[in-house]
1. Within the range A:235-244, is even one residue without any contact (Cβ under 8 Å) to a residue 40 or more places away in the chain, under 20 Å from A:Val391 (Cβ atoms) and crowded, with 18+ Cβ neighbours inside 10 Å?
2. Does B:Gly127 satisfy the condition of being touching a strand residue (DSSP E or B) at 6+ places or on another chain (Cβ under 7 Å), assigned by TED's automatic domain parsing to the domain that holds B:Glu11 and either assigned to a loop (DSSP other than H, G, I, E, B) or of a type in the set (Phe, Trp, Tyr) (or both)?
3. In the range A:370-377, is there at least one residue being polar (S, T, N, Q), buried (at least 17 other Cβ atoms within 10 Å of the Cβ) and either in contact (Cβ under 8 Å) with a residue 40 or more places away in the chain or under 19 Å from B:Thr287 (Cα atoms) (or both)?
4. What tally of residues in the range B:272-290 results from selecting those that are free of Cβ contacts under 8 Å to residues at least 24 places away in the same chain and under 12 Å from A:Cys277 (Cα atoms)?
5. If we keep just the residues of the range B:306-324 that are at the interface with another protein chain (Cβ under 9 Å from one of its Cβ atoms) and free of Cβ contacts under 8 Å to residues at least 24 places away in the same chain, which is farthest from B:Ile352 (Cα to Cα)?
6. Limited to the range B:378-409, what total is found for residues that are exposed (fewer than 15 other Cβ atoms within 10 Å of the Cβ) and modelled with pLDDT of 95 or more?
7. Looking at B:Gln381 and the list (1) more than 18 Å from B:Leu185 (Cα to Cα); (2) within 29 Å of the chain's Cα centre (by Cα); (3) among the polar types (S, T, N, Q); (4) more than 14 Å from chain A (Cβ to nearest Cβ), which single condition is not satisfied?
8. Are any of the residues in the range A:321-332 in the same structural domain as A:Asp401 (by TED's automatic domain parsing), closer than 20 Å to B:Asn305 by Cβ and modelled with pLDDT of 95 or more?
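The values are calculated or read from the model by the stated rules, or taken from the named source; none is laboratory data. Everything numeric here is computed off the predicted structure, so don't read it as measured data. Cβ coordinates were reconstructed from backbone atoms using ideal geometry, including for glycine residues, and neighbour counts include every protein chain displayed.
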Protein chains: 2
Amino acid sequence: MKGEIIAIGDELTSGRIVNSTSYFAASHLYGAGHEISAMATIGDEPDMIGRALKRSIERSDFVVVTGGLGPTRDDMTTEAAASALDLPTILYPEIFDKIKQSRSFKEMPSMEKLAWLPSGAEILKPGEKIAGYLLVYQEKPIFFLPGVPHQMRELMLDRVIPRLAGWSGSNISRVRQKVFKVFGLPEPLIQEMLSSLEKNNQELRIGYYPNAAEVHVSLTVRGETREEAVKCFEQGEAAIRDILGCCIFDEDGRVLEAIVGDILKEKGLMLALAESCTGGLLSHHITLIAGSSDYFLGGVVAYSNTLKVQLLHVDEKILQEFGAVSRETAIEMALGTRKITGAGLVLSITGIAGPGGGTDEKPVGTVCFALADAQKTLSFQYHFTGKRNTVQTKAAMTGLDLLRRHLSGLDFLDNGW
Amino acid sequence: MKGEIIAIGDELTSGRIVNSTSYFAASHLYGAGHEISAMATIGDEPDMIGRALKRSIERSDFVVVTGGLGPTRDDMTTEAAASALDLPTILYPEIFDKIKQSRSFKEMPSMEKLAWLPSGAEILKPGEKIAGYLLVYQEKPIFFLPGVPHQMRELMLDRVIPRLAGWSGSNISRVRQKVFKVFGLPEPLIQEMLSSLEKNNQELRIGYYPNAAEVHVSLTVRGETREEAVKCFEQGEAAIRDILGCCIFDEDGRVLEAIVGDILKEKGLMLALAESCTGGLLSHHITLIAGSSDYFLGGVVAYSNTLKVQLLHVDEKILQEFGAVSRETAIEMALGTRKITGAGLVLSITGIAGPGGGTDEKPVGTVCFALADAQKTLSFQYHFTGKRNTVQTKAAMTGLDLLRRHLSGLDFLDNGW
C-alpha cells in the first residue's frame, strides 16, 4: 500500500530534536512492503495539520500521524483532525475512567482532553496507558500515534504493521527489497556498473546511498504477482552479486567492524594495530563493537616519527631512505607491533592526510598499509581523494576492508578512490 | 522570515537513513531567527517534488530543498523544479569545464547533467566541487542543496544563513546572533539554567542544539532599533557567560580540538595519550586538526590489560587490587606513557563503555582519567549515561575538556552527565 507519514510538533520544526519517529515508521513500513511517498513535519498549528492530513488522505492508501496527542495546550492533533475531517469529537468513557483514577489528574484537569476522540476512533491499546487510535476515513486507515518515540515504536510494531498487513487491497506479497553494502568502489562507478539492470527491467528499482566510505545499494522489485516479484528479485540479486563481487561485504544489515570481528573470533586470532595518519580512527571503529576485547588487543598511535622508532622499533635507516609514508615503513611498523604486542595479526597504516605534506611522487592522499601474521607480510599503497577528514576515513575503513579480504582469502583492491 | 524545508530521496522515505539534514537545517534556521512552519520528505518522484515545491513557495518566504542533485538517474530535483516552475534548464559552462577535467567523467558521462541548472540559478560555491544553487522565484529565495550531510551543512552555514540574513525585508541591523559552545552540562540543565532570561526579555531568543557531547546555545536578539538590539544583545551575552561560566569553551566557531591544540602549541608542550575504553577516539579527534603533529606525539590504545602491562608498564598488583577501571590504574597508565614517549603532558582514559562489564560499585559508564606532566599528576572518576557509543564519545570529549581546563588553569567538572 502507498502511505504517508505526518509528524507533528514545534520541537521538530525548530530542530530541537531529530525526527527519529518518522524514520522508524518509514523503515518498518517499507520493510513490510509498503511504499512511503511522502513524509511531512509540521509545527503545532491546527490549520496546517488539518490541510496536510486531508492532502495525504487524498493521495494515498493510508496515513500515519505521530505526535500532538498529549494533554497540554500545544497538543492539537485530535482537534485539528476532527475539524479538518468534519467529525465530532466524543467522550470515550473507558479512557476517562482511567484518567480519573490517575494521580496526575488532580494537578492537571486538562488531561480530560485525552478522552475526547473523533467519532468512530478505535483505541489501539484499550485499557493501557498509551494514547493512539485508528480512524477509518473514506475507507482508508488513518493511524494517530503518540510522538514519544518508545510508545510510537510499540504501537507501530504491535498494531499498525499487523493491521495494514490484513487490510483489504494490501499487496505485501508483491514487493521485495534488499540492501547491499559495498566497499571500495565510488558511487558513480557502481551506478555505471549497474545501469543496464534497471534499463532492462522496468519492475526493478536500484537506489544508491553513500554512507561514509561505503555505498549502500538497494534493490526493490514490484511484481504483478507474487511469483513474478520473487523471480525478478532473484534475477536482480544474482546480477548485482555477479557485477559487484566481493566489494559487497554485507546483505544482512551488519557493519564492517562486526563482520571482521566475527571472523577474527571464529579464527581465534588477536588483532593489534599501528596507526599513523588515521590517528586511532580504525582502533576506535573496532572498539565500537561490544565484546571486541575478545579479539582486539589494542595498538599504538605512532603519529610522530619519534614514536615509530621508540615504540615500534622502526629502523631509522628505512625511515630516512623510504620516508614515513612508504610500504617499507608500513612493514616495519607492522612487524614491530607484532613483536611488542604478541598479536597474531597486525595491520599498520601510514599516509599523508593533508592538506600539507604532499610531494609530486607522493601526493596528499597517499596511504600505505601492511598486514603481518605468523605466515606472511603483505604491503599496499593506495591513493585516496578528498579533504583530510575524508582521506582519514577512507584509509581507516580500507584498513578494515583489507582485514576482511585477508581473513576471507579474497582478492585485494587495486587502488583507492 | 518564514520558511519550509523539503528533503528529497527514496533513502529517506524508505527509512534507510534518518533525515539528519532537515534537522540540522531547521535548528540553524531557527537559531538565526527564522520560523520553519513545515518540513516535507519526498521520494524520488518528479511530480511529487514539483507539487511540494510549488506549495511551499506559495505559503512561505523562502524554501530550502535538499537532496537529488547528484549525477545518478534517481537524482531528479533539478528537472522536477525546472518543470514545476516552468523554467528552461541551461548548461553552465563553468561547471561543465570542471566536470570534464574530473577523473570520473570518462566512466560516467551522465555527470554532464550536474552542469544543467534552471535558468537564473546562482551557483552557491562557484569553482568548488560541491553542488548547490540559489534560485529566486517570485522574489523568494529557493536554495537547492546536496543531500550529502557534510556538504549540505557546509552550504547551510556558509551560504544559506548569511544570504537569508541579508535578504531584503529582513532587517539585519536589528538582529544580533551568536553561538556559545558548551561542554560538560546536559541540555535540559542548560535550558533550566537559562530559562529566566527568555521570560524576562521578549526580544531575546535562545536556541539549544546538542552536538555529539556538546551543546550549542544560540542567542538571537531582535530590537526595534539597532541601538536597542545591541544593548539587549550585550545584556544577554553577559548573562549567559555569567551563568554558564567556563563550561563555555568557544564563542568564535572553533572546535574543542583546535582550541586545545592552540594552547599546547603556545606552551610548547608535546602531548601523548593512553586510551582504553575510548579505543583511540580521542587520538583521532586530535589528529583531525591539520598540523597536530606540532603538539601531538601519538600514544597507546591499551584496550587489553595485557597491553596496559606490556607497553605501559602498569603494575599488575595495582591492576589486581583496584581493577582496570580505577583512578590508580589511570595514574599508572599516564605515568607509564610519559616514560615511554617522553611527552611533556599525558592524558589517560580507562572505563566501562558497556553494555557488559558493570558492577554495583562501578556501573557501566564509569570512566577514570589521569593527567600527568612534569609538575603533578591528577586523577578523576566520572560517570556517563548512555549507550556504548555515547559513553565512548562523552569520555573522549571529556578527556579533551580536561586538557583545556588543565592547560588554562580552570576548575574541573565534578562529574559526568
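1. The answer is no, given that none of the residues of the range A:235-244 is without any contact (Cβ under 8 Å) to a residue 40 or more places away in the chain, under 20 Å from A:Val391 (Cβ atoms) and crowded, with 18+ Cβ neighbours inside 10 Å.
2. On the way: touching a strand residue (DSSP E or B) at 6+ places or on another chain (Cβ under 7 Å): no; assigned by TED's automatic domain parsing to the domain that holds B:Glu11: yes; either assigned to a loop (DSSP other than H, G, I, E, B) or of a type in the set (Phe, Trp, Tyr) (or both): yes.
Judged against the criteria, B:Gly127 is not a match.
3. The first filter runs over the range A:370-377 and keeps only residues polar (S, T, N, Q), leaving A:375, A:377.
Within this subset, residues satisfying the condition of being buried (at least 17 other Cβ atoms within 10 Å of the Cβ) are none.
So far as the range A:370-377 goes, no, none of its residues is polar (S, T, N, Q), buried (at least 17 other Cβ atoms within 10 Å of the Cβ) and either in contact (Cβ under 8 Å) with a residue 40 or more places away in the chain or under 19 Å from B:Thr287 (Cα atoms) (or both).
4. The first filter runs over the range B:272-290 and keeps only residues free of Cβ contacts under 8 Å to residues at least 24 places away in the same chain, leaving B:280, B:283-284, B:287, B:290.
Right, trim to under 12 Å from A:Cys277 (Cα atoms) and you get B:283-284, B:287, B:290.
Matching residues across the range B:272-290 total 4.
5. To start, the set of residues in the range B:306-324 that are at the interface with another protein chain (Cβ under 9 Å from one of its Cβ atoms) comprises B:306-308, B:310-311.
Within this subset, residues satisfying the condition of being free of Cβ contacts under 8 Å to residues at least 24 places away in the same chain are B:306-307, B:310.
On the way: B:Thr306: 17, B:Leu307: 17, B:Gln310: 21 Å.
The selected residue is B:Gln310.
6. Of the residues in that region, 2 qualify.
7. For B:Gln381, the exception is condition (1).
8. The first filter runs over the range A:321-332 and keeps only residues in the same structural domain as A:Asp401 (by TED's automatic domain parsing), leaving A:321-332.
When the remaining residues are screened for being closer than 20 Å to B:Asn305 by Cβ, the result is none.
Among the residues of the range A:321-332, not one is in the same structural domain as A:Asp401 (by TED's automatic domain parsing), closer than 20 Å to B:Asn305 by Cβ and modelled with pLDDT of 95 or more, which makes the answer no.
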